[in-house]
Structure formats: structure tokens, C-alpha cells
Amino acid sequence: MPSLTYKGRTFTLQDQQSILEGLENQGEVIPNSCRSGLCQSCLMHAVSGTPTSISQQGLKETLISQNYFLACKCIPTEDLDVSLPSDSAVSIQTTVLGKELLAKDVLCLRLLPQETFSCNAGQYINVVKDDLIRSYSVANLPDADGYLELHIKRLPEGRMSNWLHDSIAIHDPVTIRGPAGNCFYNAIHDRNFPIVLAGTGTGLAPLEGIVTDALDKGHDGEITLIHGAMNKSGIYHEEKLIKMADFHHQFTYIQSLMESADPANSDLNAEVRSVLENLDLSRVKVYLCGSPALVNKLKTRVFLQGVPSYNIFSDPFITATTADWDVFPRNS
Ligand SMILES: Cc1cc2nc3c(=O)[nH]c(=O)nc-3n(C[C@H](O)[C@H](O)[C@H](O)COP(=O)(O)OP(=O)(O)OC[C@H]3O[C@@H](n4cnc5c(N)ncnc54)[C@H](O)[C@@H]3O)c2cc1C
Ligand code: FES
């Protein structure tokens, strides 16, 4: 077995054990959240040795070239000496510019980067609080606005979400990393293809960012945004999105409520299916964000309906205990 060195100590990993699991089992605290290669909170640095290529998937080229890797995806194939990244190498400082409630348990947080920070609407950044690192999607056009807008859902006893809701104040410093992810509007020549976006709860954040970006860049193909929630209390930015739809003829905004009295308006899966039925499936781009159970289910259905996998973009909002999540996360 290859040997693993961390903080000058040598660790033995079990067969097929990831670095994250191996270090945790032997008493070390390594930041992590999704444990499946999606959130990048378990980022580590190989001081010597080369991490596996699978553990570098999704990382920026600059991080790959400096031997950074994801500990939850790395089952070493050679001796490695690893460390946690220093803040100065991968993080940037922001300050809190604004905080407002969008719904009972959804906070809009605006962060002002203290140095140059470029990011696409819809990508995600990681917020760092000591050993706690959590991902949040970008809901605005940061490069144009000069700040980042995040929509943070308060989870019962959620450590980061409750800290962001309750403890941080305007002008407070907040450390972030990123950006990462491929959920963003990407069109160079053709701005006429149809776009369908569907999500639950704060899954609206990246989707709203993508719609804003597409409209800002003059996209003139049909854009349909479907926001799902258990009931009306989980819907936010309704007025803003209705106004956008009134102003832009190519944009349609639909709400899908699980508890809706109108059965035709109660199933996000059915809603997505019927929207796609009227579109050219070979050209449509589909974006799915929010509840992992729902995103994964929709991904399969949309693919089976005929949308090529390279045109399906998704960010399941996996938490440390996603297994608990049903189709709709609690209180969404
Ligand atoms: C790519 C990506 C993008 C995301 N974008 C967004 C976004 O835009 N907006 C957003 O709101 N979220 C987003 N998320 C989710 C977000 O990153 C966090 O996972 C979420 O905010 C919860 O973090 P937390 O620290 O508050 O909760 P945690 O402390 O991680 O807890 C999560 C849940 O698990 C429960 N729990 C914790 N420990 C235990 C335990 N031992 N046993 C049982 N239950 C437990 C808690 O009660 C809580 O309900 C995204 C996730 C990903 C991967
Ligand atoms: S990418 Fe490793 S914990 Fe999320």
C-alpha cells in the first residue's frame, strides 16, 4: 500500500479507502460536506507525489497544475505527502455588503470581494468558517455587479446556514473559495436555442443567475424557468420573476407547488416533461438545481425523454446528510 504523510505523521490507509476517510478514521479533522466529489470542500494539496486524476476532476486548471486534489475522491496509487491548503493560496476575503430575508428561511447574502474575483452566474463558491466549508450558488452577475449574491436556506441545526442567518453582520469579513461548477450560461455564436431550468427551494439561486445572464447577453431562444416548492411559503422572488417575464417575451416563469389544489400545477416532473414536449430536444439545454433526490430523478427523466446528456447541467445541493433528504428538503 502507498504511504500517506500528513502533518509529518505517516498514516496507513485500508484497501480502496479515500484519503478523507483514512485521515478521519485516524482522528484528523478534514473539512468536507458532500463526500462525493461535488462541493470541493475537502480540497487538499499534495506537497510531494501525484494525486490521482479522478481526484482532480472539476478543479480549475491552476489548482490541478499545483497538485491540489479532492480528499474524498482520492485513493492514492503512490506515496503522497499532503496538507490542507493555506488560506492565502486558495481563499479570498469578502465583506458582507447586505443581508435580507427573501422567505421565512431563505437569506439573501451579498458579499463584496476585497480583491479581483471573476465568476459566472450559476457557478458556486465555498464559504469557509474554520473547519466548516459549504457551497452556495451565485444568483447574480458578479462581474457586472461587483458583488456576489447568495440565497442561503436555513437548515434545522445546520451549522453554516444558521451562522450566516444569525451571526454575521454587515461589514463582517467572510472567507470564500472558488468559483467552481459548470452550471452557467454558455453560448458563443448561437443565442437561439431553447433553455429549460427547473429547481426546488434555493435551487432557484443558480437558475435565476443563468436566466439573468442569458437575457443580459441577448439570448432570444425560449427560456422557461420552473420553481418548485412544497407550498407557497417556499416561493421567493416571485414579483421579480413575473416582471422579468412581462418584460422579456422569450422568458416564461412557472411555479410548481406540491400542495397545490390544482393537480395540473403540482408536479415538477410533469411540468418539465410537458415544457420539453414542445421544444426541439436536440437543441434544448436543461439546467437542474436544488434537492439532490429531485435533481437526480429529473436528470434521468430528461435524458430518457431525448435530451442529450451533454446538454443537461445540474447541481444537486448535497449536504453532509443528504441521505435524509426526500424529493423536497424539509421546509422547502
Ligand atoms: C454545488 C452546491 C451548491 C449549493 N448551493 C446552495 C445554495 O445556493 N443555497 C443553499 O441554501 N444551499 C446550497 N447548497 C447546500 C449547502 O452547501 C449546505 O450543504 C447547506 O447550507 C447545509 O449546510 P449547514 O452547514 O448549514 O448544515 P450541516 O451542518 O451540514 O447539516 C445539514 C443537515 O444535516 C443535519 N445534520 C447534521 N449533522 C447531522 C447528524 N450527525 N445526524 C443527523 N442529521 C445531521 C442538520 O440538522 C442539517 O439539517 C449547495 C450544495 C452544493 C453541493
Ligand atoms: S468534494 Fe469532497 S467532500 Fe465534497
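The values are calculated or read from the model by the stated rules, or taken from the named source; none is laboratory data. Since we're looking at a predicted model, the values are computed, not measured. Note that we place each Cβ from the backbone using ideal geometry, even for glycine, and neighbour counts take in every protein chain shown. Keep in mind that these areas ignore ligands, DNA and RNA; they rest on the heavy atoms of the full protein, side chains included. Shrake-Rupley method; radii C 1.70, N 1.55, O 1.52, S 1.80 Å.
A few notes on this one:
- Stokes-Einstein diffusion for segment 172-220 at 37 °C, viscosity 0.692 mPa s, with a Kirkwood radius from C-alpha pairs, works out to 260 µm²/s.
- When the solvent-accessible area of the chain is split by element, carbon and sulfur atoms take up 49 percent of it, the probe being 1.4 Å.
- Ranking of Arg110, Arg35, Arg159 by solvent-accessible surface, largest first: Arg159, Arg35, Arg110 (1.4 Å probe, protein heavy atoms only, all chains present).
- Cα centroid separation - segment 63-108 against segment 189-230, whole Å: 26 Å
- Cα gyration tensor shape for segment 128-275, rounded if a/c is under 1.5, else prolate or oblate: oblate
- Listed pairs Lys104/Lys243; Lys73/Lys299; Lys153/Lys297; Lys99/Lys240 exceeding 20 Å between Cα atoms: Lys104/Lys243; Lys73/Lys299; Lys153/Lys297
- Bins of 5 Å from zero: percent of alpha-carbon pairs in segment 195-324: 2, 11, 22, 24, 22, 13, 5, 1, 0
- Beta bridges per DSSP with both ends in the chain, % antiparallel, nearest 5: 60 percent
- Here, the chain is characterised by an Rg to Rh ratio of 0.98, where Rg is the alpha-carbon radius of gyration and Rh the Kirkwood radius.
- A helix-only calculation puts the chain at -6000 deg cm²/dmol for mean residue ellipticity at 222 nm, using -39500 (n - 2.57) for each DSSP H run of at least four residues, averaged over all residues.
- Dipole axis of the chain (+1 Lys, Arg; -1 Asp, Glu on Cβ), positive-most option in Ile195, Leu20, Gln93: Leu20
- When the residues Tyr253, Tyr68 are ordered by accessible surface, computed with a 1.4 Å probe over the protein chains alone, the sequence from largest down reads Tyr253, Tyr68.
- Candidates Phe313, Leu298, Ala139 compared by Cα position along the dipole of the chain: farthest toward the positive end lies Leu298, with charges placed on Cβ.
- Rounded accessible area per residue of the chain, 1.4 Å, Å²: 45 Å²
- Translational diffusion coefficient (Stokes-Einstein; Kirkwood radius from C-alpha pairs) of segment 4-85 at 25 °C, 0.890 mPa s, in µm²/s: 199 µm²/s
- Taken about its Cα centre, the chain carries a charge dipole of roughly 160 debye when the Cβ of each Lys and Arg holds +1 and the Cβ of each Asp and Glu holds -1.
- Ordered by solvent-accessible area of protein heavy atoms (1.4 Å probe), largest first, the residues Phe251, Phe303, Phe317 come out as Phe303, Phe317, Phe251.
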